[in-house]
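The structure under discussion appears below in the form of structure tokens.
What follows draws every value from the coordinates through simple rules; no lab data is involved. Only a predicted model underlies this, so the values are computations on that prediction, with no experimental measurement involved. Neighbour counts run over all protein chains shown; Cβ positions are idealised from the backbone, glycine included.
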Amino acid sequence: MSRVVCLLLLGLVAPLGAQTGLDGAYGLLSEGRVAEGRVALMEAAAALAPSAAVPHLKVARVIGRLDPELQPQVARLAAAAFRGRSTDAIEELDALAQDADPVQAPALLALAAALADGAEEPARAEALRVRLIESYPEARERVDAVLEVAEARAARGEGLEEAAEWVEALIVAEPSGALTPQARRVLERLRSAG
């Protein structure tokens, strides 16, 4: 009996440790300690299941791509979203994107969309991604945005033609690209949904 209890407790330690690590990482980010917060966030995410780690890794990646003067402000917004103030964080990121230079804006929109996903606001997330797709055709964040919008539209059965055009354009632009197999699967789902 004591072995079962020990195994159960061991099974709880990793998730609790990861949560504590996330709390600490976002605490550092909220203080503007960007470099330390990003490292802590990546370390804490490593203790999570892959699907649970992805949003936190996206935050760390996006913050790292930004100009140093934008990083503390965006880090604080990500921390606010983690603490339940997603709506305000999304609005502020959207406003920052509107005022940012064309190199920074796509990352800000991608992060705002990811936060909207986390806040269970799929329509808002899609609107932010569509703006990224249409406004920044050369942005590296565009590929992920196209695939995420296409997946959502395939699931809903709406906006399929436009999404299929975007995905086809990705495949034609990079027929041997790393994401081409995924893009082909998404295109098939779009076609079968229509």
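Things worth noting here:
- When only the Cβ of Lys, Arg, Asp and Glu is charged (+1, +1, -1, -1), the dipole of the chain relative to its Cα centre reaches about 820 debye.
- When peptides 54-60, 67-73 are sorted by average Cβ neighbour count within 10 Å, with the highest value leading, the order is 54-60, 67-73.
- Measuring nothing but how far apart in sequence close Cα pairs (under 8 Å, 6+ apart) lie, relative to its length, segment 7-161 scores a relative contact order of 15 percent.
- Listed residues 139, 75, 89, most fluctuating in the chain (Gaussian network, C-alpha, under 10 Å): 139
- Amide H partners (placed H, <5 Å) of residue 31, local residues excluded: none
- Whole-Å semi-axes of segment 31-140's equivalent ellipsoid (Cα gyration tensor): 20, 16, 13
- Loop sites in segment 151-194: GluC sites (Glu not before Pro), DSSP, at most 15 other Cβ within 10 Å: 158
- Cβ-to-Cβ counts within 10 Å put 135, 30, 51 in ascending order as 51, 135, 30, the fewest first.
- Loop-located trypsin sites (Lys or Arg not before Pro) in segment 66-109 (DSSP state not H, G, I, E or B) with no more than 11 neighbouring Cβ atoms inside 10 Å do not occur.
- Dividing the summed helix terms, -39500 (n - 2.57) for each DSSP H run of n ≥ 4, by the number of residues in the chain produces a 222 nm estimate of -26500 deg cm²/dmol to the nearest 500.
- In this structure, the amide hydrogen of residue 159, modeled 1.01 Å from its nitrogen in the peptide plane, lies closer than 5 angstrom to no residue at least 5 positions away or on a different chain.
- Across segment 177-194, computed HN-Hα scalar couplings (Karplus, 6.51 cos²θ - 1.76 cosθ + 1.60, θ = phi - 60°) run x, 4, 9, 4, x, 5, 4, 5, 5, 5, 4, 4, 5, 5, 5, 6, 6, x Hz from first to last residue, x flagging Gly and Pro.
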